[in-house]
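Notes to accompany the following structure.
Laboratory data are not the source of any read-out in this text; all were calculated from the coordinates shown. Computed from a predicted model, the values in this text were never measured in an experiment. Using ideal geometry, Cβ is built from the backbone for each residue, glycine included, and neighbour counts are taken over all protein chains shown.
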């Protein structure tokens, strides 16, 4: 049995940056003074490690005492949380991904210029919740081309089209093409991050040449879920797992080539543990 890893795999620049900033804070500040608002990234192993290091992981910013430090989410925070931090002298340790910040900047520009903003994204994703809070929720969120065809709102003559950073570029292209039927002026900004695009293409390419795909990453990770969807769309048998304990020996019956890919928030050591376990299962098969 041959195990092949995707060309582009594992942590992206934004995730590495976020974790590095959080670890730097841990190294220089008392653990009791440090709080983390939700999950800095969507990966259970990383969050578990921060808990072991003594970080106070909280759900609401109101749980942070005044004069303490708060590690943000890589996906961003909502405006009311930033305002609360300022009022209560809570010092923010900024781990927000630069691609997410760029998305905010473009949305603010479009709003100032009078464009109707349409965003390809998931309404409940923290990145989208953060963005909407800074533009007074004045945007329409769509999840696919079908939401354009069945729209329940009136299109403006000036539209600005954006995307959540973890979405599929091919889906964005489909929406761009159809949008010209609904508006006089369309401004499109490709806000899907480069690392996401590379991992999506690497997953498509690998899925075409293997008998089985194992996608590694948090079950609540949007970019990992997208890799699962893309792999299945190719037509190959695909499983989404978080760690080596979730592997099933039956996955590998009559399989010769096993493809391995992972989301942008999946540590390399998690992937290596899974590869090692697959080899053990194959040896004992």
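For residue 136 and residue 220, a Förster radius of 22 Å and the Cβ-Cβ distance give a FRET efficiency of 0.20, rounded to the nearest 0.05. Under the simplified labelling scheme, the residue 60-residue 31 pair shows an inter-label distance of 2.6 nm, with each label point 7 Å from Cα along Cα→Cβ.
The gain in end-to-end length when the residue 173 to residue 102 segment is fully stretched comes to 23.6 nm, 0.36 nm per residue minus the alpha carbon separation. Averaging sequence separations of C-alpha pairs under 8 Å and six or more residues apart, then dividing by the length of the stretch 98-192, give the relative contact order as a whole percent. That works out to 33 percent. By the beta-carbon count within 10 Å of each Cβ, the least crowded to most crowded order of 199, 129, 256, fewest first, is 256, 129, 199.
What is the calculated FRET efficiency for residue 255 to residue 150, with r their C-beta to C-beta distance and R₀ = 45 Å, to the nearest 0.05?
0.65
A crude spin-label estimate for the pair residue 248 and residue 185, with each label 7 Å from Cα along the Cβ direction, gives 5.5 nm.
Mind grabbing the base-10 log of I(q)/I(0) for the stretch 13-93 at q = 0.12, 0.20 Å⁻¹? Debye formula, identical points on the C-alpha positions, no solvent, two decimal places. Taking Cα atoms of the stretch 13-93 as identical point scatterers yields -0.29, -0.85. Where in the stretch 206-224 is the amide nitrogen less than 19 Å from a point lying 7 Å along the Cα-to-Cβ axis of residue 237? Once the point is set 7 Å along Cα→Cβ of residue 237, 206-216 turn out to lie under 19 Å by backbone N, inside the stretch 206-224. Label-to-label distance, residue 158 versus residue 143, with points set 7 angstrom from Cα along the beta-carbon direction: 3.1 nm. Under a Gaussian network description of the chain, with springs only between Cα atoms under 10 Å, the residue in 141, 106, 128 that fluctuates furthest is 106.
Going by neighbour counts of Cβ atoms within 10 Å, the residues 78, 64 line up, fewest first, as 78, 64. Globularity index of the stretch 98-192 is 0.97 (Cα radius of gyration / 2.2 N^0.38 Å, N = number of residues).
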